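No lab work stands behind these numbers, since they all come straight from the coordinates. What you see is a predicted model, and the numbers here were worked out from it, not measured in a lab. Neighbour counts run over all protein chains shown; Cβ positions are idealised from the backbone, glycine included.
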Amino acid sequence: MVNSFQVKGGKMSLRGRAAIVGIGEVPTRRIHEGRTMIGLCAEAAHMAIKDAGLRKEDINGLVTDGTTPPPGLAEYLGIQPNFATGVTMQGASGATATMVATAAINGGICNTVLVVMGNARSDRPDPGKGPSAPSVRSEWEEPYGMAPGANTGYGLIYKRHMHEYGTTEEQLAKMAADQRFNALENENAVFNGQPISKEDVLNSRYINEPIKLLESVMPCDGAAALIITTPERAKTLTNKPAYVLGVGLKQGEANIWQRERFTETPAVESVRRALEMSGYSPNDIEFAEFYDCYTILAAMCIEDAGLVKKGEIGPFYEATDTTYKGEFPINTDGGQLSGGQPGLAGGFRHVIEGARQIMGKAGPRQVPKNDLCLVNG
Amino acid sequence: MTSAYDKPLPIPSNETLTKPFWEATKRKELLIPRCNTCSKLFFYPRELCIKCGSKDLGWQKSSGLGKIYSYTRVRQAVHPSFQSENGHAYTIVQLSEGVKLPANIVGISPDDVKIDMDVIATFEDVTPEVTLVQFKPL
């Protein structure tokens, strides 16, 4: 370290400065009997390393979601990276971890990073099923009778979106049905082989109104991993790389009721920043992978990303085929709603699927226009 | 009360900090944290002002008046004591002072709860030690 230095060059940008060159995914299932979180993570890691055409000795960076601490995972895998950290950003951990890996590579700390996360329900209880530790939630929310997981907050948001914009449950049911269509071509999806219609979504029971069972994620086991490296190294490998062209993050309030407005998400700012770095506009985006713990969250983020005018997500879904065969594919692997949510690997899978499509590895659900994807964690 | 209250009671993360709030509810008063340095009102109580970071904080008595900002009717509750066929309206009320807080709407069916409905605070002595803030239609 020195106490003074000269900054050289202009504004720092990560545009095109890292590429995803390998992906791995342990299928998402309700339970993987006899497996642990660390074991599933290690399996996904090996799949991604192999897919990249690398050896584990080539990995010199490791980023996890923190629920699997990097020191333990590195030891389990038998690697000793020069950079390791856990990104504890709840659902956004996957996208954020990919951003952190990109930054670490460009900071010169390491050049080939394994990003991996996974879940085994035997190791980690399903979220929000019991009383929480003393917290904002236990003092101000639980005495009023909450629904499981994050359902309460998203129910409040959903109602408010209906109130402000006239969004209907039928319109968002179409989103869940489109995503299920995509999952039918994804053997890794927990609901593969189980088609549903918009009516099935509408007829599923309320967990908390307006959220119905088929509009919310199911906790699962599984794991996902990717290898990200420098553009120079990417050129020496056999996979078609998926370049990172822009990244953006905006931290909003953790508790939904703390927000000024329930119907606006931090995606307004995070996507603006990512697009600005990339040099593209929302109109250029060919397909999208959007975090979908509930229909309403993906719906609002798609609006806030500028892909659809604010408040018009309902009519958009009525009019648009968003399956992998459609005019604007969204959540081409089924998303978390139809793919299942293996902990924080659920959100991470959006990054994996975006890369998979760009790399041309999506098989029967490959989208034809696969040059530019927007991923929202 | 004819039977013991079996719903979750508030569990403070900082008992010292929120003791005045819970003592006030027993007097049927709703207090909002207020910064003595910059006058910012906020909710939930924090050890430092959300706006300026000052530790010089006090409390302002709320009018108790507010509007329903949003609600969700909970059909599947985490705590079994809240499980009922008809569900209950978990509600966020925005007070006339601007801050929002969770509550239930009492005195009406969950069918009749609506966004923008005018409500006023009411106080529910759920145990000899704890009084919860609830809201009812104005």
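Would you calculate the volume per residue, in Å³, of the smallest convex hull containing every Cα atom of the protein assembly as shown?
Dividing the Cα hull volume of the protein assembly as shown by its residues yields 170 Å³.
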Worksheet item: What size of dipole, in debye to the nearest 20, comes out for the protein assembly as shown about its Cα centre when the only charges are +1 on Lys and Arg C-beta atoms and -1 on Asp and Glu C-beta atoms?
Response: 1060 debye
Worksheet, complete the sentence: Note on chain A: contact order normalised by length, alpha-carbon pairs under 8 Å, 6 or more apart, percent, works out to 26 percent
Worksheet item: DSSP loop GluC sites (Glu not before Pro) in the range B:86-138 with at most 11 other Cβ atoms within 10 Å of their Cβ, which ones?
Response: B:Glu129
Worksheet item: Taking the Cα-to-Cβ direction at B:Asp6 and at B:Asp112 and moving 7 Å from each Cα, how far apart do the two end points lie in nm?
Response: 2.7 nm
Worksheet item: In degrees, nearest 10, range 0 to 90: what is the angle between the Cα axis of helix A:169-183 and the longest Cα principal axis of chain A?
Response: 40 degrees
Discussion item. Need one number: convex hull volume per residue for the range B:14-61, Cα atoms only, in Å³.
Written reply: 61 Å³
Discussion item. What is the angle, in °, between the Cα long axis of helix A:151-165 and the longest principal axis of the Cα atoms in chain A? Nearest 10 is fine, range 0 to 90.
Written reply: 70 degrees
Discussion item. Compute a Gaussian network model of chain B, connecting alpha carbons closer than 10 Å, and tell me which residue from B:Thr16, B:Thr25, B:Thr127 fluctuates the most.
Written reply: B:Thr16
Worksheet entry | Vicinal HN-Hα couplings computed from phi for the range B:9-25 (Karplus, 6.51 cos²θ - 1.76 cosθ + 1.60; Hz; Gly/Pro x) | 8, x, 10, x, 8, 9, 4, 4, 4, 9, 4, x, 4, 6, 6, 5, 4
Worksheet item: When only Cα pairs under 8 Å and 6 or more residues apart are kept, what is the percent relative contact order across the range B:14-61?
Response: 35 percent
Item to complete: Sticking with the crude label model, points 7 Å out along Cα→Cβ, report the distance from B:Gln76 to B:Ser96 in nm, one decimal please.
Response: 4.1 nm
Discussion item. As a test of the formula, what do you get for chain B when each DSSP H run with n ≥ 4 contributes -39,500 (n - 2.57) and the sum is divided by the residue count, at 222 nm and rounded to the nearest 500 deg cm²/dmol?
Written reply: -2500 deg cm²/dmol
Practice prompt. Based on alpha-carbon positions alone, could you give the equivalent ellipsoid semi-axes of the range A:1-159 from the gyration tensor, as √(5λ), descending, whole Å?
Written response: 33, 24, 15
Worksheet item: Rounded, prolate or oblate: which fits the range A:82-199 when a ≥ b ≥ c are the square roots of the eigenvalues of the alpha-carbon gyration tensor, with rounded for a/c under 1.5 and prolate only if a/b beats b/c?
Response: oblate
Worksheet item: Fully extended, how many nm does the chain gain between A:Ser197 and A:Glu170 (0.36 nm per residue separation, minus their Cα-Cα distance)?
Response: 8.6 nm
Fill in: Estimated FRET transfer efficiency (A:Lys361, A:Glu286; beta-carbon r; R0 22 Å; 0.05)
0.85
Discussion item. Can you compute the modelled spin-label distance between A:Arg124 and A:Arg15, with each label point 7 Å from Cα toward Cβ, in nm?
Written reply: 3.6 nm
Response to the item:
So for R0 = 25 Å, FRET eff. of A:Arg273-A:Lys240 from the Cβ-Cβ r, to 0.05, ends up at 0.40
Worksheet item: Applying the Karplus parametrisation 6.51 cos²θ - 1.76 cosθ + 1.60 with θ = phi - 60° to the phi angles of the range A:351-358, what ³J(HN,Hα) value in whole Hz is obtained for each residue in order, glycine and proline being reported as x?
Response: 5, 4, 5, x, 5, 4, 5, 4
Worksheet entry | 19 Å Cα-Cα reach of B:Lys7 towards lysines, excluding residues that sit fewer than 8 places from it in its own chain | A:Lys129, B:Lys26
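Length gain on complete extension for the stretch A:Ala103 to A:Lys50, per 0.36 nm per residue less the alpha carbon to alpha carbon distance?
Additional length available on full extension: 16.7 nm.
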Practice prompt. Using only alpha carbons, build the gyration tensor for the range A:235-377 and give me the equivalent ellipsoid semi-axes, biggest first, whole Å.
Written response: 24, 17, 16
Worksheet item: So which GluC sites (Glu not before Pro) in the range A:221-326 pass both tests, a DSSP loop state and at most 11 other Cβ atoms within 10 Å of the Cβ?
Response: A:Glu253, A:Glu260
Worksheet item: ³J(HN,Hα) across the range A:60-77 via Karplus (A = 6.51, B = -1.76, C = 1.60, θ = phi - 60°), whole Hz, x for Gly/Pro?
Response: 10, x, 9, 10, 10, 8, x, 5, 9, x, x, x, x, 5, 4, 4, 4, 7
